[in-house]
1. Here are some values of mean projected area of the Cα convex hull in nm²: (i) 11.9; (ii) 14.4; (iii) 10.0. Which one was computed from this structure?
2. Apply the Karplus curve 6.51 cos²θ - 1.76 cosθ + 1.60, θ = phi - 60°, to the phi angles in region 151-158 and return the couplings in whole Hz, x for Gly and Pro.
3. Per residue, how big is the convex hull of region 50-101 when only Cα atoms are used? Give it in Å³.
4. Just the accessible area per residue of region 112-161, please: how many Å² with a 1.4 Å probe?
5. How much FRET efficiency would the formula 1/(1 + (r/R0)^6) give for GLU131 and THR151, where r is the Cβ-Cβ distance and R0 is 30 Å, rounded to 0.05?
6. Hey, rough spin-label estimate for TYR22 and ARG117, points 7 angstrom out along Cα→Cβ, what's it come to in nanometres?
7. Rounded to the nearest whole Å², what accessible area per residue is found for region 24-70 with the 1.4 Å probe?
8. For the chain, what % of the accessible area comes from carbon and sulfur atoms, probe 1.4 Å?
Amino acid sequence: MSLMTSDEISIREGPAPGDLGYIMYLHGDYYRRQHGYGLVFESYVAQAVHEFAGSHDPERDRVWLCEHQGRIVGSLLLMHRGRDTAQLRLFLVLPAYQGMGLGTRLIGLFLDFLRDRGYRSAYLWTTDEQEAAVALYKQCGFALTEEKSSTAFGRLLREQRYELVLEDY
């Protein structure tokens, strides 16, 4: 059996019909299996997708999707927030595809788009459980700016806000 490489995975921009629904499914399924999150989390993801679809501006927003053999295996959304700020949302690489540099490639596309479109800052919300993603965010220049205890997804965890100011990057 040969080992898969990241060269076998393509990254495309979206969204195309069906992409946002599939992103919702992937997040709901992944976070249920990995962290025990339930329908409250799936509702949160559905609201994020609904908000993105309802305010989507093709000049200022993006979806990047990792695909392997026609199947979506990763995602990242960039959503505009005001004139010069963007939010990183719904970043996920499925477990079988982690450790191959796909997350780094997605974040790179995100950062390139920020600069290309003249954004001055970006932020994201995550939880302290997402250690690999947090390490990547920090490596790319995001800094922790807020942290709070939360039971938003059905159990106690720490929500964290990370911010990136592009002049400092």
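1. (iii)
2. Whole-Hz 3J(HN,Hα) from phi for region 151-158: 10, 4, 10, x, 7, 5, 7, 10.
3. 104 Å³
4. Spelled out: the 1.4 Å probe surface of region 112-161, per residue, equals 55 Å².
5. Efficiency, from the Cβ-Cβ distance: 0.90.
6. 2.2 nm
7. Normalised by residue count, the accessible surface of region 24-70 is 54 Å².
8. It is 49 percent, rounded to a whole number.
The values are calculated or read from the model by the stated rules, or taken from the named source; none is laboratory data. Bear in mind the structure is a predicted one, so any value in this text is a computation, not a measurement. Neighbour counts run over all protein chains shown; Cβ positions are idealised from the backbone, glycine included. Only protein heavy atoms, including side chains, enter the accessible area calculation; ligands, DNA and RNA are left aside. Shrake-Rupley method; radii C 1.70, N 1.55, O 1.52, S 1.80 Å.
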